[in-house]
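Written out below as structure tokens is the structure these notes cover.
The values are calculated or read from the model by the stated rules, or taken from the named source; none is laboratory data. Quantities reported herein were computed from a predicted structural model and do not represent experimental measurements. Please note: Cβ atoms are built from the backbone with ideal geometry, for glycine as well, and neighbour counts cover all protein chains shown.
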Amino acid sequence: MDKKLLKSILFIITYAVVLVVVLARLDVIGQAVMWVLGVLQPLLIGFAIAFVLNRPCRFFHRLYLRGLGSTRARKAARPLAVLSSYLALIAVITAIFAYVLPKFAESIQTFVLNLSGYLTNLQSGYNQIIDQLHLDAETLDLSWLNEKLSGLFDQVLTFLSDTGPQLLASVTSSLVSAVVTGVLAVVFSIYMLSGQEKLLRQCRRVFRAYVPARIAGPVSDVVHLTADTFTRFVTGQLTEACIIGGLTAVGMLFIQADYAPLIGVIVGASAIIPVAGAYIGAIVSALLLLVVSPVKALIFLIFLIILQQFEGNVIYPKVVGTSIGLPGLWVLAAVTVGASVGSLLGVLLSVPIASILYTLLRRNVRKRLDGPERKG
């Protein structure tokens, strides 16, 4: 028998046996994978932190390289960039917990306290319109909605005010493990950021040493494309969320000042979700303002539409730069599929994954159409 044919047969048999074993023991394999992920949790969290801080670190690194004159001083650019990135992260987290969350809770509390009066005014206005137009319709009774919304917002306030201490009390037994994991994750992220060039160089050498050249090239290209796409996507979505949330809060100061933090957080948080996030934030915020004043809800919708057009066409391209290169139709399709497969996480990951697949397909199509057999 031909040796090549024998190798092919053995390969098919081995593949079939491994596939059957995997399918038969899928639960055991899943537990093993979860155990491995648990062991590597500090490393994975550290990688996530380093991934988020990579672009700010590169910005500070370029800034310090231009500012430091001597060669010896320029060696301190990388440590200073890592330190500046972490200080910026700490400042953002401190601002969120010290200002945004308290103001957010205060806005919810104000809304709950005034909810009964808002619903009474809305009910009276509706009934007056029915009477003046002589329409054959039932009078509006919103007492049930008052009870439902009051209960919902009370739960939100309870969560915001009491969850922290309760959560701390419930996880006291695992507090030491969480602290150790957090410290190790921060150490790993610092090492990854400070030794980024050396670490990447070592990974490339190991990869080229053990992987054939015909495979190493395309795989490296896909890895670079994936890292670049996810970096641009995460940076773009977070920057857009901060910009649109902040501008919405500023605009709400002239529409309904006491609800500016609440509406700003809702619009900013929903902007993280691609495509659908803008509509979700607008609808939820408009419904809240509709209870306060239908006129203000209409003014808010007009303001938000103008703001989103201005932010998307003027501010976002200048601050974030180019998009991930995926047409709007495929962004919508990716979000739809991602929502069906993996809920919110699927929605967030679907767009960069679709962008990677779209770019690879476009490159392959161009390569096939421009190949020598086509030219001939």
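Structure above, values below:
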read-out	value
Subset tally (residues that are surrounded by 19 or more Cβ atoms within 10 Å (Cβ to Cβ) and not in a helix (DSSP H, G or I)) for the range 273-311	2
Which numbered condition Tyr99 misses (of (1) at pLDDT below 80; (2) of a type outside the set (A, V, I, L, M); (3) closer than 21 Å to Thr231 by Cβ)	(3)
Verdict on Gly245 being without any contact (Cβ under 8 Å) to a residue 40 or more places away in the chain, crowded, with 19+ Cβ neighbours inside 10 Å and not hydroxyl-bearing (Ser, Thr, Tyr)	yes
Count of residues meeting criterion [of a type outside the set (A, V, I, L, M) and free of Cβ contacts under 8 Å to residues at least 12 places away in the same chain] in the range 274-290	2
Residue satisfying all of: in the range 74-122; among the basic types (Lys, Arg), closer than 25 Å to Ala50 by Cα and in a helix (DSSP H, G or I); nearest to the chain's Cα centre (by Cα) among these	Arg78
Qualifying residue in the range 251-258 (condition: farther than 30 Å from Leu290 by Cβ, at pLDDT below 85 and surrounded by 13 or more Cβ atoms within 10 Å (Cβ to Cβ))	no
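So that you can scan it fast, the table gives a plain yes or no per residue for (1) touching a residue at least 12 places away in the same chain (Cβ under 8 Å); (2) under 23 Å from Ala269 (Cβ atoms):
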{"site": "Ile13", "(1), (2)": "no, no"}
{"site": "Ala16", "(1), (2)": "no, no"}
{"site": "Val20", "(1), (2)": "no, no"}
{"site": "Leu53", "(1), (2)": "yes, yes"}
{"site": "Gly67", "(1), (2)": "no, no"}
{"site": "Leu83", "(1), (2)": "no, no"}
{"site": "Ala91", "(1), (2)": "no, yes"}
{"site": "Leu101", "(1), (2)": "yes, yes"}
{"site": "Ala105", "(1), (2)": "yes, yes"}
